[in-house]
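Worksheet for the structure shown next.
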Ligand code: NAD
């Protein structure tokens, strides 16, 4: 183990929930499994209905406590303190994220954890920079009136996060929710509880008042997640995860008419024109297909390539995919494992389906053999498929693994039509050196985010989210602040 690697911070401990400023270990537990070798990482306290109830009431009480009296600059100063505390325990966060996900040291330390800290600083900046509306109006008596708006917290916010970028996506919601003065009950994925457990410690260290940030661990349907999203005293839900889960949460939240922000699944297209810089397009597509073992909602699972360069492109892409090094987080590998054996089974079922649907597996398609403990992990081969019909399930359904289907196109119109022929609408990547085409095509894509000649280049002020099955609402900058606050108009007769 290289010297800078921190040992897993919770070895031999049961991960607690955090409720009203108190760490709670009680009742039922579940195991957190390392997908590198199938070993148990730790046990986790599963919050039952009663603990969820306590967490929600602690959050509600916090809204009436000292937290409510902090000014916006004071809240933002606290967020900066949280960022600083994360950075002080950076190596622990990296090791916690890696133990849960098996992702590479390179990714955890250059993306997941730094972005977690950056989210708190960014939303402190955005909240401080936010102004409000003011409208002067005339009145019959000639004295006039002044309308101005103030941003109030929404109240108790439930935050439900997925396992693919656990810390990045959890903090992406917690930071703006707190910046806007809300109290939070957060639930990380049952697959990835550790970085959230560290965040709970950091909240205490930074001096966030009790009850402002509560953490409950557990599963979704029939467990902690469902109890939380059903709870009548939760005012809003910010959720990232699968589209089907979003639909289930919507049903649970319907009775109490909660505000919803949903970042859901994708079946994203990459569109490569023959005039693109070939090398840039190949390496960009490698990143967009295989990053985080294909487990990023923005990953391209459909790659459309203009026919004159199609064969050459597929050859280059598959040569690069075959050369990817698969391995554990500390081995300098390009590709770690999938999140779990269960998820691997799902992805493998699509590899099998691709064959049944008469696709040709250009590379990969199976499971690597290591001859050591990694054979008990959730590793899988990066896979490229060609020759599937556009209507086949592998081209239509989100797989969420290191796999793409490559298909040729003959015209710009056809490329746009193919890219848009999906029930999802999260992201797309367009590769071209023709400036006019870049703008023309990008705008026609039915997605929330289109990248031209890059992928996953993020400015945190920009709107982030999807259309169709990929979500409701936008996150990022003013968009997140908008969701996490209630604008109120005050009309003053002059
Ligand atoms: P998931 O939907 O299975 O689980 C996400 C979270 O929801 C977990 O914490 C889970 O416990 C909880 N949950 C499940 N059922 C619930 C219910 N009925 N009520 C309340 N909570 C419930 O998603 P996942 O497998 O963790 O993550 C992968 C999915 O997330 C993919 O579909 C991916 O595309 C999507 N995703 C989207 C974005 C985005 O920004 N659009 C980002 C990352 C991941």
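All of the numbers you see were taken from the coordinates with simple rules; none came from a lab. Not measured: the values here are computed from a predicted model. Neighbour counts are summed over all protein chains in view; Cβ atoms, including those assigned to glycine, are modelled from backbone coordinates with ideal geometry.
Taking 0.36 nm per residue of separation and subtracting the Cα-Cα distance, full extension of the segment from residue 133 to residue 278 would add 47.4 nm. Against the main long axis of the alpha-carbon atoms of the chain, helix 243-254 sits at an angle near 20°.
In a fully extended conformation the segment linking residue 433 and residue 457 would gain 6.8 nm over its present Cα-Cα distance, using 0.36 nm per residue. Sequence gap at least 6, Cα distance under 8 Å: using those rules, report the relative contact order of the chain to the nearest whole percent. Once normalised by length, the contact order is 18 percent. Highest mean packing comes first when the peptides 344-353, 9-18 are listed by Cβ atoms within 10 Å, giving 9-18, 344-353.
Stretching residue 352 away from residue 72 to a fully extended chain increases their span by 95.4 nm, per 0.36 nm per residue minus the current alpha-carbon distance.
Across region 292-311, the residues whose backbone nitrogen lies under 15 Å from the label position 7 Å along the beta-carbon direction of residue 110 are 292-293.
Taking the C-alpha atoms only, the angle from helix 166-179 to the longest principal axis of the chain is near 30 degrees. Once the Cα atoms are used to define both axes, helix 113-129 deviates from the longest principal axis of the chain by about 40 degrees. What whole-number distance in Å separates the alpha-carbon centres of region 141-209 and region 450-485? Distance between centres, Cα-based: 17 Å. Its residue count N sets the reference 2.2 N^0.38 Å, and the alpha-carbon radius of gyration of region 182-232 equals 1.18 times that reference. Placing a label point 7 Å from the Cα of residue 148 along the Cα-to-Cβ line, the residues of region 471-494 whose backbone N sits under 15 Å from it are 488-494. Debye calculation, C-alpha points only, no solvent: report log10 I(q)/I(0) for the chain at q = 0.05, 0.13 Å⁻¹, in the same order as the q values. Calculated log10 I(q)/I(0) at the listed q: -0.20, -1.23. Diffusion coefficient (Stokes-Einstein, Kirkwood radius over C-alpha pairs, 37 °C, 0.692 mPa s) for region 418-494: 227 µm²/s, rounded to a whole number. Report note on the peptides 87-97, 290-300, 22-32: ranked by the mean count of other C-beta atoms within 10 Å, highest first, their order is 290-300, 87-97, 22-32.
The distance linking region 1-59 with region 342-420 is 34 Å (Cα centroid to Cα centroid, whole angstrom). Using just the C-alpha positions of region 12-156 as equal point scatterers, what log10 of I(q)/I(0) does the Debye formula give at each q in 0.08, 0.15, 0.19 1/Å? After summing over all Cα pairs, the log10 values are -0.39, -1.05, -1.28. Taking other C-beta atoms within 10 angstrom as a stand-in for reagent exposure, 372, 421 fall in the order 372, 421, fewest first.
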